[in-house]
Amino acid sequence: VVYEQEGVFIHSSCGKNDDQDNLIAGILRVIEKENEVVVDWRPLDETLDTSNILCAGKDSSSVVEWTQTPKEKCSRGADRPSSYEAEWDMVTTVSFKKKPHSNGDATTHANRESKWSFLFSLTDLKSIKQNKEGMGWSYLVFCLKDDVKLPALHFHHGDSKSLIKCLEKHVALNESPHDERVLLVKTQKSLSQSFENLFDEPSYGLLQKWKKDPYIVTMGKFSKVTNYIVGTLRSSDQSNQRRPPSEMADFFNDTIPGLKINQQEEPGFEVITRIDLGKQPEVSRREPVSAEEWAKNMDSEGRILDVDYIKRLIFKGGLCHTLRKEAWKFLLGYFPWNSTKEERANLQKRKTDEYFRMKLQWKSVSEEQEKRNSRLRDYRSLIEKDVNRTDRTNKFYEGEDNPGLILLHDILMTYCMYDFDLGYVQGMSDLLSPVLYVMENEVDAFWCFVSYMDQMHQNFEEQMQGMKTQLIQLSHLLRLLDSGFCSYLESQDSGYLYFCFRWLLIRFKREFSFQDILRLWEVMWTELPCQNFHLLLCCAILESEKQQIMDKHYGFNEILKHINELSMKIDVEYILCKAEAISMQMMNCKELPQTVSEILGIENSLVTPDSDTGEDESGAELGCPTSLYQSISTPVIAANGTRDSAQQAAETQSLTPA
């Protein structure tokens, strides 16, 4: 606790009703936690500790809990998805309501006051309005991001200035040019102090935080900073402004044990130099798979007739949105490709029962039990915090009392019961959000998420084995693709590709728009045209930005800033074309290194020496029938980002299974 002040009041009725108390006396604190600084206000006679109160998010200024209200249970019953079993209504009909704190013998008056308790993180603070009242005391109004205003705090005993001074140690406050009463939070105090503002400590602390929890630093901090790190990963000694790349590599090797990138002298390292990959072929994409095409590839009992064929169609064009709810279940492995419609219905029924049994496990944990279960308590706290800030601009999750948020929370809590050892790690809500959006069903979304997490599990494990492996593999691929660019990155202390950490951790979720992520993920889930296609997507993005980075002589700071600012600006269709072209380029390489062959899952016997990549050869290279490439209907997008009018005019052949 770095600040504490009693005699801070909320005027609950603002004098509008004489039958109610106008003043609620409380205590205001500023609390430094491990990863954030929070402002906490509560009534003086409330004895609950901070951990029992949810942070005030962008869409709610009061304390809420996940709970059930009988009235809403009845009103929402008619809208309950048909897949839910009736006996689970008690569990599924949940909604937001004010948290009626009970403190044993506490009076109704105390309970009425408790609803005003709030806390928020300084990272969510937008501005502070300060004013003087006629009686002489001052009051402050905190405005959070998205213009959510918290109740005014009245300092009857004065001393509001000391609170402002305390907050200024953690955030930069500037007077608004439009209203002298308003203090605005600056996102960056100065270059030298940017880390101190974000991490509440000298910039050296970033190294320690990154080493302790790279997930939180990457997800929560890197995305909020632009021009930074200048004094963080380099010596403060003016005579030694740059650390050598080997020392930088040593630091990241300490952070992620076993991470050895660009260390050619290591025994067993396959040096990749001067290999001619040939010209990158032109690649085009087709329209998304239609419902008619999907239905044509299914027999009377609902079996997929030609799995490889339908995967190739999805890889080349993705899916129309109406198909995603069904097709994603196959792509993620929830539904077996060879199953009948009846078998899938029976599977869903079994999985529904299994899901709600696990959900009931955490739903039935009492408050007393949870007090003795720190891991469950921590999981719940982190989930509640992340859910309140996941894709809130998407209509499916926006606004207060949104049922989508409740389902996000419940699925993630149930996953903790499914895999208690892993539990919840920041970033997992980003993976679930698009899946729930497509499924629109709690049970189906959970089991698809489970399948996705089976693929992504190592990314979130404590030892970070998955992240370590992917960074090393990406380094191999990029060095083969452009050794000169790799050398340039190394010369700028950037050879360990730290800026790709978020891309890999949550599969580009925060780099593309929401709709583009749906397309990108379904293409990757086909597992075509090779293993680790997502690494080739990284290569495609980096190769697209190489010219600007090198021509403008970007250094460590500028590279990080530039890559960070690519978020939401990348053309998904262009990058998919480019990544596919890179895969074909490598497959056609006459001297593909064994290491790269293993990363991409290419058998040496299948690596063709012929680098001619016409349409027929392209199809053969990917194991695709020639007709697939001849049947692209308009419009198609070439790897150079332009539409090919000649291909638009090409005749469209019927797409029927072989």
Query raised in the report: How far is it, in nm, from the label point at S491 to the one at E591 when both lie 7 Å from their Cα along the line to the Cβ?
Result: 2.4
Query raised in the report: Counting Lys +1, Arg +1, Asp -1, Glu -1, what net charge surrounds P336 among other residues with beta carbon under 11 Å of its beta carbon?
Result: +2
**Report entry** Unsatisfied cross-links (Cα-Cα over 26 Å) in the set K161/K385; K359/K468; K546/K569; K509/K561
**Finding:** K161/K385; K359/K468
Query raised in the report: What distance in nm separates the simple spin-label points at Q458 and H562, each placed 7 Å from Cα in the Cβ direction?
Result: 3.1
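Below 13 angstrom from the Cβ of N459, what's the summed charge of the other residues (Lys, Arg +1; Asp, Glu -1)?
Numbers: positive: K468, R502, R507, K509; negative: D430, D454, E461, E462.
Charge balance in the 13 Å sphere: 0.
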Query raised in the report: Rounded to the nearest whole Å², what accessible area per residue is found for the range 320-455 with the 1.4 Å probe?
Result: 42
Report task. Compute the accessible area per residue over the range 475-549, keeping the other protein chains in place, probe 1.4 Å, unit Å². Result -> 23
Query - For the range 337-350, Karplus couplings with θ = phi - 60° (6.51, -1.76, 1.60), whole Hz, Gly/Pro x - result: 4, 9, 7, 8, 4, 5, 5, 5, 5, 5, 4, 4, 5, 5
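At 0.36 nm per residue, and after removing the present C-alpha to C-alpha distance, how many nm does the segment from D419 to D159 gain when stretched out fully?
Working: separation 260, 0.36 × 260 = 93.60 nm, distance 4.90 nm.
In short, 88.7 nm is gained.
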Query raised in the report: Relative contact order, percent, of the range 320-455 when contacts are C-alpha pairs under 8 Å separated by at least 6 residues?
Result: 31
Query raised in the report: In terms of modelled amide H atoms, which long-range or inter-chain residues lie less than 5 Å from the amide H of S12?
Result: L23, I24
Query raised in the report: Could you list log10 I(q)/I(0) for the range 320-455 at q = 0.13, 0.16, 0.17 Å⁻¹, which the Debye formula gives when each Cα is one point scatterer?
Result: -0.57, -0.85, -0.95
Requested in this report: For the range 320-455, give the percent of accessible area contributed by carbon and sulfur heavy atoms, probe 1.4 Å, rounded to a whole number.
Outcome: 45
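Show me the ranking of peptides 172-183, 426-437, 558-569 by mean Cβ neighbours inside 10 Å, starting with the highest.
Details: 172-183: 13.3, 426-437: 22.5, 558-569: 15.9.
So the order, starting with the most tightly packed, is 426-437, 558-569, 172-183.
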Query raised in the report: Once phi is turned into θ = phi - 60°, what whole-Hz ³J(HN,Hα) does the Karplus curve with 6.51, -1.76 and 1.60 give for every residue of the range 427-433, x standing for Gly and Pro?
Result: x, 5, 5, 5, 6, 6, 3
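The values are calculated or read from the model by the stated rules, or taken from the named source; none is laboratory data. Since this is a predicted model, take the numbers as computed values, not measurements. Glycine also receives a Cβ, built like all others from the backbone with ideal geometry; neighbour counts cover every protein chain displayed. With ligands, DNA and RNA removed, areas are computed over all heavy atoms of the protein, side chains included. Shrake-Rupley method; radii C 1.70, N 1.55, O 1.52, S 1.80 Å.
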